[in-house]
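The values are calculated or read from the model by the stated rules, or taken from the named source; none is laboratory data. Just so it is clear, the model here is predicted, and its values are computed rather than measured. Neighbour counts run over all protein chains shown; Cβ positions are idealised from the backbone, glycine included.
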RNA sequence: GCCGAAGUGGCGGAACGGUAUACGCGGUGGUCUCAAAAACCAUUGGAGGUUGCUCCUUGUGGGUUCGAAUCCCACCUUCGGCACCA
């Protein structure tokens, strides 16, 4: 084989094998019911034009895993396609005067070439491009089916809008604190538009429950659970004094008696009606400013609360208390009913709001921890008070109170201590003083008696008494505001736990375990409201005011109203002569040929819907489209092929899709199941999410940073196999990592060393015969490598798989110059090395396999198996510790007995040295690993 | 802010509660060469020391344990998502 021992030249072998694989149809899909199928899928790339290193990072390991499954006997199908609708194509159209279709398809052609260079096992015969009519016909078909099932509806919803460009803006097109248009700098306004929604909330519970049947990363499931945000509570109707019903959703109906105000979202439909004339200007200004903020800003809990009183009052239905109505940006229209009851004593945000605006705060749920505090002011009690506290076993600390002297900081635990404390306080309180107990109870001890904070009136009365005694506290508007000025009390002023109801009329004393359910039953009986489940998830807004998307197949007829396009008329084609305005406005609105049509129902003149669909629609069913792209039957894909291949067995993609794409595609599958298109609940059985590849400077790659890595450059110099292997070597796939131009050279060197281990016969073997021990050593390394590498592939740990392969190759480099060279064990070693590298470096492995005399193709070979007997270590290193510190290491036979190990350990000189003057208490033995001698 | 994740040598990272720093990069010294590159060999966490050793080190502070990078609590920092980027 001397003539084939040339240098490793990736360029020639990669081209050679890519051609050969294609010619022989190695990766072509075959339906073979005799073998277990494996549908491997990686998230489809967007047609950005250039294959970024990020695409390689997502796809190469996914391919390696698919190849690994293939070597385990699975009939693997690994399709590919393109997500081809979207904003960048329109921007290109405006900037370069090129039709989005042409721009996109040029990109597709270029990307296909780049993708082929990766040497992945893609089945190109089932490629699908989402912007082609044969594809989006079915995207539109899904819209019609959802509409038929009552899952699509039209409703007015706000969009970010640039008044100058006359166009809707995506979130990424809105820049800066002042939220201006990225193109022209004009401040963005909110505009209400009629838009189409999908009723994903109908499936909220199924999306939650079915998570149990899929093998997805726990973090993705958790994110989806939070995203769906199921909460059980009650729908309760308050009324304004004028009689307008104001429904609220609350998860805590047991706190209804503590609702001392209401807050509406600034966009709430009743705001204009409720606002009194003198408040109008202020309210309008606030509504305007709230509308300009993002939801993220509005919900930030660390910012100062803002809000405005509308001037009107509502009535709390459970106790007929009059409560003021406010608007504030922390209440959103999209969640619940867009209005809340403010319970400041048991909700952080309501507490902060009430404190800021001087609204009364009345506790209505007992603290389950029974903790209370009291600050005894200097000079407010007679001598001997502290001794009484000692006698009762009450904890306190003496400390300065401002600049007035030393006071007592008392902490009380439980009823007995609180009652005892109040009794003592009543006896010792100096005239002209008061003392308060805060937390488990809110009690004010005055010299003529005790007053509890148990209602809005008591709040006023207590404050008035205190003010009379010490006028400066009169600046406070509520008792809580006064208490909040003392930092000592801040952690006991409110709590959000369930507990026994207090200050709640007939419900006072109701235990926390049943409080919520009991109150719901009671309000249902009185028809004040009812139990309700609320979701944070809201319906999916699928309308986009864009041209480059699948047109929504709907027609507006002056006489028939909203009419769906008949199925047989699909697809509603995008015009190929649309004129793009430099503003970015959708040309569909001005394209007469597209816009004007006839009503499918009455045949009269009608207009088309000009909005297109969210591109997440296209990617919600692409895993089905691949089965039979641009299918011409009466369902979106060939049912027979679908029965064999579906669902996806292994899906991989970025964690950034955790909540949106991955939730939408699950929703689609559930609707498809209900339509009878598929017989399963979930589209992807197993999911792995990779992290993000960063630039050499550890920053996200971007053109502006100048740290973008072009894979093509490295493919042409070091080869696709080096790029693939390096990307897998960087670190754990799920965590991402940063590119390194020197790191990839290290991989290239490694592949060269593999090459020389397998092909180099110039190192003449030492004439001596290999001993049985040398053979056993080599075989042990081989079988340990197979064991470790197999485990790593199983767990998607390509980085450690490569580390083990490198280590193994280093061993083989040494063995090459020893008598084992050329033995059967050597042949087993090199074959195993090549087989284990095949998924990561498919070209190199194929070439080396051929040189080893293997039959075409290495990718049809079976994965090597390891023999535990052969892999077992003969000698182990026993670590000897004294009190947990390593004091000696002993080479010992692997099967050493506990007693022998301990004896050996104690015999070590350095161990004896450290045991001097100490008494052995315990000896811990971990078989084959360590002996820890505990001595004092 | 909320939700999710991660912090280990000069760098990327490895470590079933049991030898911290595997593997690779980089550095240093050497071999080869007229020279350089490549390749190969050796060495490489920090501090101290009498070759044998000792001490310190896994973001910070506590805790559990014979033993903690690993488990628990609190905090700090960085990254991803937050509904019209895909």
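Quick check on segment A:461-473. Is at least one of its residues outside any helix (DSSP H, G or I), surrounded by fewer than 20 Cβ atoms within 10 Å (Cβ to Cβ) and touching a residue at least 12 places away in the same chain (Cβ under 8 Å)? Let's see the steps before the verdict.
Step one: filter segment A:461-473 for residues outside any helix (DSSP H, G or I), giving A:470.
From what is left, the residues that are surrounded by fewer than 20 Cβ atoms within 10 Å (Cβ to Cβ) are A:470.
If we keep only those that are touching a residue at least 12 places away in the same chain (Cβ under 8 Å) as well, we get none.
Checked segment A:461-473: no residue is outside any helix (DSSP H, G or I), surrounded by fewer than 20 Cβ atoms within 10 Å (Cβ to Cβ) and touching a residue at least 12 places away in the same chain (Cβ under 8 Å).
Residue A:49 - would you say it is in a loop (DSSP other than H, G, I, E, B) and within 28 Å of residue A:789 (Cα to Cα)? Even if it seems obvious, please write down each step before you answer.
Numbers: in a loop (DSSP other than H, G, I, E, B): yes; within 28 Å of residue A:789 (Cα to Cα): no.
Considered against the rule, which asks whether it is in a loop (DSSP other than H, G, I, E, B) and within 28 Å of residue A:789 (Cα to Cα), residue A:49 comes out as no.
Under 6 Å by Cβ, and 6 or more places apart or on different chains, what pairs join a residue from segment A:728-740 that is closer than 20 Å to residue A:718 by Cβ with one that is assigned to a helix (DSSP H, G or I) and more than 7 Å from RNA strand B (Cβ to nearest atom)?
Every condition considered, the pairs that remain are A:728/A:61; A:728/A:798.
If we keep just the residues of segment A:180-207 that are crowded, with 18+ Cβ neighbours inside 10 Å and part of a loop (DSSP other than H, G, I, E, B), which is modelled with the lowest pLDDT?
Across segment A:180-207, the extreme among qualifying residues is A:183.
Check residue A:314 against each of (1) without any contact (Cβ under 8 Å) to a residue 60 or more places away in the chain; (2) surrounded by 17 or more Cβ atoms within 10 Å (Cβ to Cβ) and name the one condition it does not meet.
Looking at each condition in turn, residue A:314 falls short on (1).
Would you check which residues across segment A:288-311 are more than 27 Å from the chain's Cα centre (by Cα), in a loop (DSSP other than H, G, I, E, B) and more than 14 Å from RNA strand B (Cβ to nearest atom) and list them?
A:306, A:307
Of the residues A:484, A:503, which single one is out of contact with any strand residue (DSSP E or B) (no Cβ under 9 Å at 6 or more places or on another chain) and either in contact (Cβ under 8 Å) with a residue 24 or more places away in the chain or within 16 Å of RNA strand B (Cβ to nearest atom) (or both)? Spell out the reasoning first.
Numbers: A:503 fails: out of contact with any strand residue (DSSP E or B) (no Cβ under 9 Å at 6 or more places or on another chain).
Only one candidate passes the filter, namely A:484.
Do you know which of the residues in segment A:718-738 that are more than 8 Å from RNA strand B (Cβ to nearest atom) and within 24 Å of the chain's Cα centre (by Cα) is farthest from residue A:51 (Cα to Cα)?
Among them, the one singled out is A:733.
Kindly list, by first and then second residue, each pair from a residue in segment A:150-179 that is part of a loop (DSSP other than H, G, I, E, B) to a residue that is away from RNA strand B (no atom under 15 Å from the Cβ), limited to pairs with Cβ atoms under 8 Å and residues at least 6 apart or on different chains.
Every condition considered, the pairs that remain are A:151/A:671; A:163/A:186; A:164/A:184; A:164/A:186; A:165/A:184; A:165/A:186; A:178/A:187; A:179/A:187.
Out of segment A:145-156, which residues are under 16 Å from residue A:609 (Cα atoms) and either within 14 Å of RNA strand B (Cβ to nearest atom) or out of contact with any helix residue (DSSP H, G or I) (no Cβ under 6 Å at 6 or more places or on another chain) (or both)? Please lay out each step first, then the result.
Here is the first cut: in segment A:145-156, the residues under 16 Å from residue A:609 (Cα atoms) are A:147, A:152-156.
Answer for segment A:145-156, where residues must be under 16 Å from residue A:609 (Cα atoms) and either within 14 Å of RNA strand B (Cβ to nearest atom) or out of contact with any helix residue (DSSP H, G or I) (no Cβ under 6 Å at 6 or more places or on another chain) (or both): A:147, A:153, A:154, A:155, A:156.
Restricting segment A:671-697 to residues that are in a helix (DSSP H, G or I) and within 19 Å of residue A:615 (Cα to Cα), which is farthest from the chain's Cα centre (by Cα)? If you could, list the steps in order and put the result at the bottom.
Step one: list which residues in segment A:671-697 are in a helix (DSSP H, G or I), which gives A:671-674.
Those left that are additionally within 19 Å of residue A:615 (Cα to Cα): A:671-672.
Details: A:671: 23, A:672: 25 Å.
So the residue we want is A:672.
Within segment A:536-561, track down each residue that is more than 16 Å from residue A:594 (Cβ to Cβ), assigned to a strand (DSSP E or B) and within 8 Å of RNA strand B (Cβ to nearest atom).
Of everything in segment A:536-561, those that are more than 16 Å from residue A:594 (Cβ to Cβ), assigned to a strand (DSSP E or B) and within 8 Å of RNA strand B (Cβ to nearest atom) turn out to be A:540, A:541, A:543.
Please specify each residue of segment A:913-936 satisfying the condition of being part of a loop (DSSP other than H, G, I, E, B) and either under 30 Å from residue A:871 (Cβ atoms) or in contact (Cβ under 8 Å) with a residue 12 or more places away in the chain (or both). Talk me through it step by step, then tell me what you get.
As a first pass, look at segment A:913-936 and keep what is part of a loop (DSSP other than H, G, I, E, B): A:916-919, A:927-929, A:936.
Correct list: A:918, A:919, A:927, A:928, A:929, A:936.
Residue check: is residue A:378 in contact with a strand residue (DSSP E or B) (Cβ under 6 Å, 6 or more places away or on another chain), assigned to a loop (DSSP other than H, G, I, E, B) and modelled with pLDDT of 90 or more? First the steps, then the outcome.
On the way: in contact with a strand residue (DSSP E or B) (Cβ under 6 Å, 6 or more places away or on another chain): yes; assigned to a loop (DSSP other than H, G, I, E, B): yes; modelled with pLDDT of 90 or more: yes.
Criteria met by residue A:378.
Listed here are the residues, each with its yes/no results for (1) crowded, with 19+ Cβ neighbours inside 10 Å; (2) out of contact with any strand residue (DSSP E or B) (no Cβ under 7 Å at 6 or more places or on another chain).
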{"residue": "A:864", "(1), (2)": "yes, yes"}
{"residue": "A:875", "(1), (2)": "no, no"}
{"residue": "A:901", "(1), (2)": "yes, no"}
{"residue": "A:936", "(1), (2)": "no, no"}
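Among the residues of segment A:772-815, what is the count of those that are outside any helix (DSSP H, G or I) and surrounded by fewer than 21 Cβ atoms within 10 Å (Cβ to Cβ)?
Residues in segment A:772-815 being outside any helix (DSSP H, G or I) and surrounded by fewer than 21 Cβ atoms within 10 Å (Cβ to Cβ): 2 in total.
Take the residues in segment A:82-100 that are in a helix (DSSP H, G or I) and more than 23 Å from residue A:43 (Cβ to Cβ); name whichever of them is farthest from RNA strand B (Cβ to nearest atom).
Here is the first cut: in segment A:82-100, the ones in a helix (DSSP H, G or I) are A:87-96, A:100.
When the remaining residues are screened for being more than 23 Å from residue A:43 (Cβ to Cβ), the result is A:93-96.
Working: A:93: 14, A:94: 15, A:95: 16, A:96: 18 Å.
It comes out as A:96.
I'm told residue A:751 meets every condition in (1) closer than 20 Å to residue A:808 by Cβ; (2) within 7 Å of RNA strand B (Cβ to nearest atom) except one. Can you identify the failing condition by its number?
(2)
Of all residues in segment A:889-912, which are part of a helix (DSSP H, G or I), free of Cβ contacts under 8 Å to residues at least 24 places away in the same chain and within 12 Å of RNA strand B (Cβ to nearest atom)? First the steps, then the outcome.
First, the residues of segment A:889-912 that are part of a helix (DSSP H, G or I): A:898-906, A:909-912.
Within this subset, residues satisfying the condition of being free of Cβ contacts under 8 Å to residues at least 24 places away in the same chain are A:899-900, A:903, A:909-910, A:912.
Once the filter is applied, which keeps residues that are part of a helix (DSSP H, G or I), free of Cβ contacts under 8 Å to residues at least 24 places away in the same chain and within 12 Å of RNA strand B (Cβ to nearest atom), segment A:889-912 yields A:909, A:910, A:912.
Return the residue satisfying two criteria in turn: it lies in segment A:867-888 and is under 15 Å from residue A:777 (Cβ atoms) and assigned to a helix (DSSP H, G or I), and of such residues it is nearest to RNA strand B (Cβ to nearest atom).
Out of the qualifying residues, it is A:871.
Which of the residues belonging to segment A:698-717 are in contact (Cβ under 8 Å) with a residue 40 or more places away in the chain, out of contact with any strand residue (DSSP E or B) (no Cβ under 6 Å at 6 or more places or on another chain) and outside any helix (DSSP H, G or I)?
To start, the set of residues in segment A:698-717 that are in contact (Cβ under 8 Å) with a residue 40 or more places away in the chain comprises A:698, A:701, A:708-712, A:715-716.
Going one step further and asking which of them are out of contact with any strand residue (DSSP E or B) (no Cβ under 6 Å at 6 or more places or on another chain), we end up with A:701, A:708-712, A:715-716.
Selection gives A:701, A:708, A:709, A:710.
Being under 22 Å from residue A:120 (Cα atoms) and assigned to a helix (DSSP H, G or I) is the filter here; which residues of segment A:718-742 pass it? Quick ask: steps written out before the conclusion?
Taking segment A:718-742 and keeping what is under 22 Å from residue A:120 (Cα atoms), we get A:718-734, A:736-737, A:739.
A:720, A:721, A:722, A:723, A:724, A:725, A:726, A:727, A:728, A:729, A:733, A:734 - these are the residues of segment A:718-742 that are under 22 Å from residue A:120 (Cα atoms) and assigned to a helix (DSSP H, G or I).
In segment A:801-821, which residues are more than 18 Å from residue A:753 (Cα to Cα) and near RNA strand B (Cβ under 10 Å from one of its atoms)?
none
Here is a list of conditions, (1) within 16 Å of RNA strand B (Cβ to nearest atom); (2) assigned to a loop (DSSP other than H, G, I, E, B); (3) touching a helix residue (DSSP H, G or I) at 6+ places or on another chain (Cβ under 8 Å), and residue A:495 meets all of them except one; can you say which number that is?
All conditions pass for residue A:495, except number (3).
In segment A:324-336, what residues are surrounded by fewer than 22 Cβ atoms within 10 Å (Cβ to Cβ) and modelled with pLDDT under 90?
A:330, A:332, A:333, A:334, A:335
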